[in-house]
Amino acid sequence: MRLFFVLLPGLLLAQADVILTGGTVVDGTGAPARRADIAIKGDRIVRIGDLSREKAGRVLDAKGLVIAPGFIDPHTHALEDLLDDARKANLNFLMQGVTTVITGNDGGGPVNTGEILSKWEQGIGTNAALLAGHASIRREVLAMSDAVPTAEQLDRMKGLLGRSLEAGAIGFSTGLFYAPGSFATTEEVIELAKVAAAAGRYYDSHVRDESSYTIGFLGSVKETLRIAREAKIPVHFAHIKCLGTDVWGQSKEAIALIREARAQGMKITADQYPYTASGTGLSSALVPRWVMAGGKMRERLSDPSLRGKIVAEMTENMRRRGGAASLLITGLRGSGPKDRALIGKNLEEIAKMKGKPPVEAAIEIMLAAGDAGVASFNMNEDDIAAFMKEDWVMTGSDGSDGHPRKYGTYPRKLRVYVYEKKRIPLEFAIRSMTSLPAQTFGIRDRGVLKEGALADVVAFDPATIRDEASYTEPQKLASGMRYVLVNGKIAVEGGKPAPVLAGRPVRPGR
């Protein structure tokens, strides 16, 4: 039986479970901030207004705080965390005010979508949605081959994608910079994107080149728009950026291309993190993709006959990234020996320690450890600010281990770009974190504070909200987030995590 509550001015006929009182409400729509209280019953917001005379099971004092919808992160790498009992509370996101994450980005979404969504039903800290991943699907059919799929192989890939979407994936993601996604032709991606379009989903892409590796940043923007246009699908640019000095300043031209396409009726959005360093693997940053083909990277790196060619191409890739000093080792991967002393040092420092050229030091690390995570300092503030001011650009962490963005993206944007540098207004920033991703990805009843919406609500102190994570201490929880409610349950109280798992899997249209 469904219960309906009649709401009259000044009266809650059914006592609320929680009331946040005395705060400044920024509702997520971009509308001006206003003074209001918020009442929650079960998992829904039931009243917004002056509730000073009302009673509730819990009254949370939000005086001096900003009350906003829970933030929605469109680009995370939280899949493994959410499947791990020790990490599924997703505290690093909750303490930023993130109540919903999307994962499976960069083509990495798994093929067993339904199984994972069902597991999440058992309890996770944040709400979570899953993307179907092109790289995972391609690897299932072609392994690490750089071959063009046959008609039969392409049909198998389409079938895997269709089943993943049917099982509840909210979109289709590619990582065309990374192997094996980098081996795909534009035409292959278009054919797969048509499957997602037919299911009413969207296309999310780590574009083929954010720098000058292959077709260039602007060439990749044009390729992505072509895919969206020919597949007739909404497109989302993952972590949009101008990576490396070769393409600094091209934000202006990229924005013009996207504005023109939007004016023609195309549905185009992007996400962005507020850092000058990207995060990737050492191999992804430096190793030519032909070396990775067939899964034979280690064999080719060890082949003396190929060493000169590989070193020359890696040296050029290192230049694109800003040189050896711009590559900070943040973690070691793989099953080989792991020299923990390397973590926190840049490749230039490591090369001096080893007494060899930086590229040779990088190859030694990859042969010993399999790979390494790096923070790559390769962006400038002008491009970051240019993208951030566009009303189709939302906030996204690309949160991955070893980079402070996994723990600090949302508080950093508020602290640095709203309160300190004043690049964007608070209301604009909150919209980029809430209603814009909710509307873009069809996440219903979240992203806006309104009566009847699901009660994902945050309250933060504008004086103390800030990121604490750094490149040398990337796992420090953010501060200033006083209250976080997920589906009406208090997940952060008084700035400290509460022992609840109130998150739910998010499926298309839900």
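Can you tell me how many residues within region 164-178 are in a helix (DSSP H, G or I) and crowded, with 16+ Cβ neighbours inside 10 Å? Within region 164-178, residues that are in a helix (DSSP H, G or I) and crowded, with 16+ Cβ neighbours inside 10 Å number 3.
Checked against the criterion of being under 24 Å from Glu152 (Cα atoms) and either surrounded by 19 or more Cβ atoms within 10 Å (Cβ to Cβ) or assigned by TED's automatic domain parsing to the domain that holds Asp146 (or both), the candidates Gly181, Gly216 yield just one match: Gly181. Evaluated against (1) farther than 26 Å from Gly279 by Cβ; (2) in a helix (DSSP H, G or I), Val148 falls short on exactly one condition, (2). Taking the criterion of being of a type outside the set (A, V, I, L, M, F, W, C), touching a Pro at 6+ places or on another chain (Cβ under 6 Å) and in contact (Cβ under 8 Å) with a residue 40 or more places away in the chain, would at least one residue in region 139-147 satisfy it? Yes, region 139-147 has at least one match.
Kindly evaluate Arg300 against the criterion of being free of Cβ contacts under 8 Å to residues at least 40 places away in the same chain, crowded, with 19+ Cβ neighbours inside 10 Å, more than 21 Å from Thr472 (Cα to Cα) and not acidic (Asp, Glu). So Arg300 passes the test. Which of (1) surrounded by 24 or more Cβ atoms within 10 Å (Cβ to Cβ); (2) among the aliphatic types (A, V, I, L, M); (3) within 25 Å of Tyr213 (Cβ to Cβ); (4) in contact with a Phe, Trp or Tyr (Cβ under 6 Å, 6 or more places away or on another chain) is the odd one out, the single condition Val393 does not satisfy? All conditions are met except number (1). Looking across region 376-389, the residues that are buried (at least 18 other Cβ atoms within 10 Å of the Cβ) and assigned to a loop (DSSP other than H, G, I, E, B) come down to Asn378, Met379. I need the full set of residues from region 78-97 which are surrounded by fewer than 24 Cβ atoms within 10 Å (Cβ to Cβ), touching a strand residue (DSSP E or B) at 6+ places or on another chain (Cβ under 6 Å) and not in a helix (DSSP H, G or I), in order please. Once the filter is applied, which keeps residues that are surrounded by fewer than 24 Cβ atoms within 10 Å (Cβ to Cβ), touching a strand residue (DSSP E or B) at 6+ places or on another chain (Cβ under 6 Å) and not in a helix (DSSP H, G or I), region 78-97 yields only Lys88.
Screening Ala196 with (1) part of a loop (DSSP other than H, G, I, E, B); (2) in contact with a Phe, Trp or Tyr (Cβ under 6 Å, 6 or more places away or on another chain) gives one miss only, at (1). One residue is enough: does region 98-113 have a residue meeting the conditions surrounded by fewer than 24 Cβ atoms within 10 Å (Cβ to Cβ), among the charged types (D, E, K, R) and not in a helix (DSSP H, G or I)? No, every residue in region 98-113 fails to be surrounded by fewer than 24 Cβ atoms within 10 Å (Cβ to Cβ), among the charged types (D, E, K, R) and not in a helix (DSSP H, G or I).
Would you check if Arg446 is outside the structural domain of Thr21 (by TED's automatic domain parsing), under 30 Å from Thr113 (Cα atoms), touching a helix residue (DSSP H, G or I) at 6+ places or on another chain (Cβ under 9 Å) and surrounded by 21 or more Cβ atoms within 10 Å (Cβ to Cβ)? So Arg446 fits the description; yes. Looking only at region 479-498, which residues are part of a loop (DSSP other than H, G, I, E, B) and in contact (Cβ under 8 Å) with a residue 60 or more places away in the chain? Answer for region 479-498, where residues must be part of a loop (DSSP other than H, G, I, E, B) and in contact (Cβ under 8 Å) with a residue 60 or more places away in the chain: Gly480, Asn487, Gly488. Considering each residue of region 209-217 in turn, at least one proves to be of a type in the set (D, E, K, R) and closer than 23 Å to His75 by Cα. Apart from one condition, Gly331 fits all of (1) in a helix (DSSP H, G or I); (2) at pLDDT below 90; the exception is (1). The residues of region 201-226 that are more than 21 Å from the chain's Cα centre (by Cα) and either part of a helix (DSSP H, G or I) or touching a residue at least 40 places away in the same chain (Cβ under 8 Å) (or both), listed by number, are Ser212, Tyr213, Leu218, Gly219, Lys222, Glu223, Arg226.
Inside region 84-111, residues that are in contact (Cβ under 8 Å) with a residue 24 or more places away in the chain and farther than 25 Å from Val458 by Cβ make up a count of 6. Residue selection: Val291 satisfies the criterion of being among the β-branched types (Val, Ile, Thr) and within 26 Å of Ile363 (Cβ to Cβ). Is it the case, given these coordinates, that Thr269 is touching a strand residue (DSSP E or B) at 6+ places or on another chain (Cβ under 6 Å) and either surrounded by fewer than 18 Cβ atoms within 10 Å (Cβ to Cβ) or not basic (Lys, Arg) (or both)? Yes: the conditions hold for Thr269.
Within region 42-69, residues that are without any contact (Cβ under 8 Å) to a residue 40 or more places away in the chain sit with their Cβ atoms under 6 Å from residues that are of a type in the set (Asp, Glu) and surrounded by 15 or more Cβ atoms within 10 Å (Cβ to Cβ), at 6+ positions apart or across chains, in these pairs: Leu51/Asp37. I'd like to know if region 360-381 contains one or more residues that are at pLDDT 90 or above and more than 19 Å from Ser284 (Cβ to Cβ). Within region 360-381, one or more residues are at pLDDT 90 or above and more than 19 Å from Ser284 (Cβ to Cβ).
Residues that are without any contact (Cβ under 8 Å) to a residue 60 or more places away in the chain: which helices (runs of 4 or more DSSP H) entirely in region 398-478 hold 1 or more of them?
Passing ranges, in order: 426-433, 435-440.
The values are calculated or read from the model by the stated rules, or taken from the named source; none is laboratory data. Only a predicted model underlies this, so the values are computations on that prediction, with no experimental measurement involved. No Cβ is skipped: glycine too gets one built from the backbone with ideal geometry, and neighbour counts run over all protein chains shown.
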